[in-house]
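Nothing in this text is a laboratory measurement; each read-out follows from the coordinates by a stated rule. From a predicted model like this one, the values you see are computed outputs, not experimental measurements. We place every Cβ from the backbone using ideal geometry, glycine too, and count neighbours over all the protein chains shown.
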Amino acid sequence: MRTVAYFFSLLLVFTVPWENAITFENWGTLTRAIGVAAAASWLFSAMLSRTVRRPHLFHLLMFLFVLWNATSLLWSYYVDDTIRLIRTYVQLSFMVWILWDLCTTPAALRTVLATYIAGAYVAIGSVTANYLAGQEISAGPEGRYSGAGMNANELAIILSLGIPVAWYLATTAQPGIRSRILQLLCYAYVPLCLPAILLTGARTSLFVALPGLLFVVFTSNRLKPLPRLLVFLLLGAGATVLISRIPSTTFDRLATTGTSIIAADLGGRVKLWLGSLNVISDHPILGVGSGALHTPFILGSQAHNTFISVLTEVGPIGFLLFLSVLAVAFSEAVRQPDWLSRPWFTILVTWLIGASTLTWEYTKQTWLFLGLVIISASLLERSRAGEGLFVFGRRPANTVHFRPAGGK
């Protein structure tokens, strides 16, 4: 039954980069349906085996953060949206916990990461298809394309998060035909995702893709000189050819990035940030309630900044809990060996840049990668007596042995 749960969890991760592409009336997205199947199969598996992994500090802090959001129902200015957001947080908690319980080997974690790249390829194909069909974003300036039912700005971040993931998987591939095929697909991801990111016309994309590209450059020494030269020649040639097909209207919009920064506008975000700060000054203790900021009689829009959004909606207590979650994730990323800490730190920095311009505290991408950082760190632990599994009705297992890829 754990195999079935793991299969559905992989399907869930696969749909995360394009979760809005397929929706059902009165039900929601395909991703939600798969998530329900994953949760049901995992719960059944846990009841049969009577075992689940002991939670990490990260999971306890996430639980407290979700609980505090739920508590905000008592003072929320828009109860209906607060309830909807609490449901989302509960679903995200299940996703994080299921992956934590099922990904107990390096191979399982690598499979999850590879599955995300596969899903990102679907998003790349979707935005490319819309570009070839001339289907621009209906609202906003010309030269902007999206795909998979995703917001263009969010899609740019989703694809950028895949850059360090793909490069890490490509440069740490193991011998074998399947591994070599995966390696080629991951190498190809970098030049293929860049045009798709630019086609979104998201000015944030000029910054959000940068950490991943720097990671590629500064970790290329993992390759031998000749393969390194060949890889960069192919990546450069592929990216040059593909980027040359991007319409001039897209580049015209991207060229306004500097002007927007100088004018302290950032696509209207500065105005929203200032408005949110005014809301904070009016509700400094508890906030306005989870998910209530965008209501017409408060701000009328999302904050377009994850940190300001959390502070405004759930006050200093919720904000500190959220920062504690992030602090644990960053700490667990940097304490790993260089060959692991570098990709995870790059992923978190990429997320940090994106989250500073979008309201992303309740997205699957946020909690998926935060949870995977913790899983990666747990795989480095040697035998720890009395930890690892909590067994219902009997004593926990004495030892659990995790070993990272390569056995180092």
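Descriptive notes on the structure:
- Per residue, the chain reaches -21500 deg cm²/dmol at 222 nm when only DSSP H runs of four or more residues are counted, each adding -39500 (n - 2.57).
- Placed amide H near ARG53: partners under 5 Å, 5+ positions off or other chain: PHE390
- The chain shape via C-alpha gyration tensor axes, a/c threshold 1.5: oblate
- Binned Cα-Cα distance frequencies in segment 27-128 - 10 Å width, integer %: 12, 32, 36, 17, 2
- Segment 262-344 - Rg over Rh from alpha carbon coordinates, Kirkwood radius: 1.12
- Among CYS193, CYS186, the ranking by other beta carbons within 10 Å of each residue's beta carbon, starting with the fewest, stands as CYS186, CYS193.
- Gap separating the Cα centres of segment 90-166 and segment 287-356, nearest whole Å: 19 Å
- Within the chain, the selection of entire DSSP H helices by a Cα span of 27 Å or greater along the long axis and an average Kyte-Doolittle value of at least 1.6 returns 306-334.
- For ILE137, residues with placed amide H under 5 Å, excluding near neighbours: ARG144, TYR145, SER146
- The amide H of TRP360, built 1.01 Å from its N in the peptide plane, has THR306 as neighbours under 5 Å, considering only residues 5 or more places off or on other chains.
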